[in-house]
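Throughout, read-outs are computed from the coordinates displayed, never taken from laboratory work. Computed from a predicted structure; not experimentally measured. With ideal geometry, Cβ positions are generated from the backbone for all residues, glycine too; neighbour counts draw on all protein chains shown.
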């Protein structure tokens, strides 16, 4: 298994050959990661503390699935918006799922899509716009191409148990523990060729280390 490098939304403009959701070279099955570069200049991260992964998932067409999730979040208001300044300050302790479920709701949560009664706020609240603009400019992704459904399921499952509620999309995982400890309990993670994306590998390891 080989991880790809990071790609950015702003640098994908006009590249139909790679990013078309049906015919592009990235219209393949796999396990995918998307999140944000934390750099001020919005360029791709050069080290792990310049990265925050928002979501890990699997699909038969990674590029189409990423497009669906991203547009739902930052263009359509379906999801939870965390303040960009908080994200920048917490690359390894994101605890995104925990923030989403916090009672009372954490002040770092700018928006939570509980229903139509809050959608008008998403569209019109000026306090949300700077974070949405920041997200659109800094969106990045990478993926592990995998043709087999069972392989995708197994790899995704292990990765989610490594990072747990530091990201969204964790399903039934609602607590930080028990985590899978790298490298003792992570045979699939250990088997990934991280040559093209050591930054992502280092981010995952650091997040795992920061789970108590």
Report task. Compute the Cα gyration tensor for the stretch 38-107, then decide on rounded, prolate or oblate, letting a ≥ b ≥ c be the square roots of its eigenvalues: rounded whenever a/c is under 1.5, prolate when a/b is larger than b/c in the other cases, and oblate in all that remain. Result -> oblate
Report task. Would you mind ranking 87, 176 so that the residue whose beta carbon has the fewest other beta carbons within 10 Å leads the list? Result -> 176, 87
Query raised in the report: Please state the relative contact order of the chain as a whole percent: Cα pairs under 8 Å, 6+ residues apart?
Result: 31 percent
Query raised in the report: Given the Cα-Cα distance of residue 117 and residue 27 and 0.36 nm per residue of separation, how much length would full extension add, in nm?
Result: 28.8 nm
Report summary line: So, with points 7 Å from each Cα along the Cβ direction, the residue 182-residue 209 label distance in nm works out to 0.9 nm
Query raised in the report: Among 20, 117, 161, what is the fewest-to-most ranking by other Cβ atoms within 10 Å?
Result: 117, 20, 161
Requested in this report: Provide the gained length on full extension for the span residue 154 to residue 64, in nm with one decimal, where the gain is 0.36 nm per separating residue minus the Cα-Cα distance.
Outcome: 30.3 nm
Requested in this report: Normalise the Debye intensity by I(0) for the chain, one equal point scatterer per Cα, no solvent, then take log10 at q = 0.08, 0.18 Å⁻¹ and round to two decimals.
Outcome: -0.26, -1.43
Query raised in the report: Just the Cα atoms of the stretch 101-212: what Rg and Dmax do they give in Å?
Result: 17.3, 48
**Report entry** Linear extension gain, residue 101 paired with residue 20, 0.36 nm per residue minus alpha-carbon span
**Finding:** 25.6 nm
Report summary line: Note on the stretch 88-212: contact order normalised by length, alpha-carbon pairs under 8 Å, 6 or more apart, percent, works out to 31 percent
Query raised in the report: Label residue 46 and residue 190 with points 7 Å out from Cα along Cα→Cβ: what is the distance between them in nm?
Result: 3.4 nm
Requested in this report: Treat the count of other C-beta atoms within 10 Å as a stand-in for reagent exposure and order 89, 48, 113 from fewest to most.
Outcome: 89, 113, 48
Report summary line: Expected sort for 10-18, 51-59, 167-175 on mean C-beta neighbours within 10 Å, highest first, is 51-59, 167-175, 10-18
Query raised in the report: Summing -39500 (n - 2.57) over the DSSP H runs of n ≥ 4 in the chain and dividing by its residue number, what mean residue ellipticity at 222 nm do you reach, to the nearest 500 deg cm²/dmol?
Result: -9500 deg cm²/dmol
Report summary line: Placing each pseudo-label 7 Å from Cα in the direction of the beta carbon, residue 39 and residue 1 end up separated by a distance in nanometres of 2.7 nm
